[in-house]
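Read the structure below first, then the notes.
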Protein chains: 2
Amino acid sequence: MNYFRIEIIGLIAAVFTTAAFIPQVLKISKKRSAKGVSVSMYVIMFIGICFWLFYGILINSTAVIVANLISGILQLVIIFFSLIHRKNN
Amino acid sequence: MNYFRIEIIGLIAAVFTTAAFIPQVLKISKKRSAKGVSVSMYVIMFIGICFWLFYGILINSTAVIVANLISGILQLVIIFFSLIHRKNN
């Protein structure tokens, strides 16, 4: 399989694992509560994503870089929402 | 940076992003409720993880393969717990 096709598979993977965080963002903003959400989970994951981003740059993987750049931003949004709503409760 | 050191960085990333799901598993099993957890999130993520695993095999990345193999199993545990507890509520 050539480089282009391999990266397409990686980018499909990226779409799914990135999109996965959208229902959680919607749920938190809709219910205006993040009671069931583990903030520690998202903080640990954010640290991991920073390492993945570095790894992606080192192995020159477009899919790993793109996925972790977008996921990292979404994680920050979830952490921000969770802390804001926690304060309001 | 040599292959071995690069893979170490990838594996550190894997430890964080995999460990991130453990607090959520503990929270669900402790509270015996998965009310705040978005099951759809974990299902979408599980599909993405299957693609990442395939991508990891194609690019020969030990870190991507190991990370997604373990994450995939943890995701299945969370989905299983969420559905069981949802049924009980």
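Of the listed requirements (1) at the interface with chain B (Cβ under 7 Å from one of its Cβ atoms); (2) open to solvent by less than 50 Å² (accessible area, probe 1.4 Å); (3) farther than 15 Å from residue B:14 by Cα, residue A:12 misses just one: (2).
Would you point out the residue of the range A:18-44, among those that are of a type outside the set (Ser, Thr, Tyr) and under 23 Å from residue B:57 (Cα atoms), that is surrounded by the most Cβ atoms within 10 Å (Cβ to Cβ)? Explain how you work it out, then say what you get.
The first filter runs over the range A:18-44 and keeps only residues of a type outside the set (Ser, Thr, Tyr), leaving A:19-28, A:30-32, A:34-37, A:39, A:41, A:43-44.
In the following step, the residues that additionally are under 23 Å from residue B:57 (Cα atoms) were identified as A:19-20.
Values: A:19: 17, A:20: 23.
The qualifying residue surrounded by the most Cβ atoms within 10 Å (Cβ to Cβ) is A:20.
Among the residues that make up the range B:64-86, is at least one of them modelled with pLDDT under 90 and touching a Pro at 6+ places or on another chain (Cβ under 6 Å)? So far as the range B:64-86 goes, no, none of its residues is modelled with pLDDT under 90 and touching a Pro at 6+ places or on another chain (Cβ under 6 Å).
Per this entry, residue A:63 is not counted among residues that are open to solvent by less than 20 Å² (accessible area, probe 1.4 Å), within 7 Å of chain B (Cβ to nearest Cβ) and within 13 Å of the chain's Cα centre (by Cα). Taking the range B:32-55 as the range and being over 19 Å from residue B:72 (Cβ atoms) and either out of contact with any Gly (no Cβ under 8 Å at 6 or more places or on another chain) or modelled with pLDDT of 80 or more (or both) as the test, only B:32 passes.
The values are calculated or read from the model by the stated rules, or taken from the named source; none is laboratory data. Worth saying up front: this structure is predicted, and the values here are computed from it rather than measured. Don't worry about glycine lacking a Cβ; one is built from the backbone with ideal geometry, like all the others, and counts go over all protein chains shown. Side chains included, ligands, DNA and RNA excluded: accessible areas come from the protein's heavy atoms. Shrake-Rupley method; radii C 1.70, N 1.55, O 1.52, S 1.80 Å.
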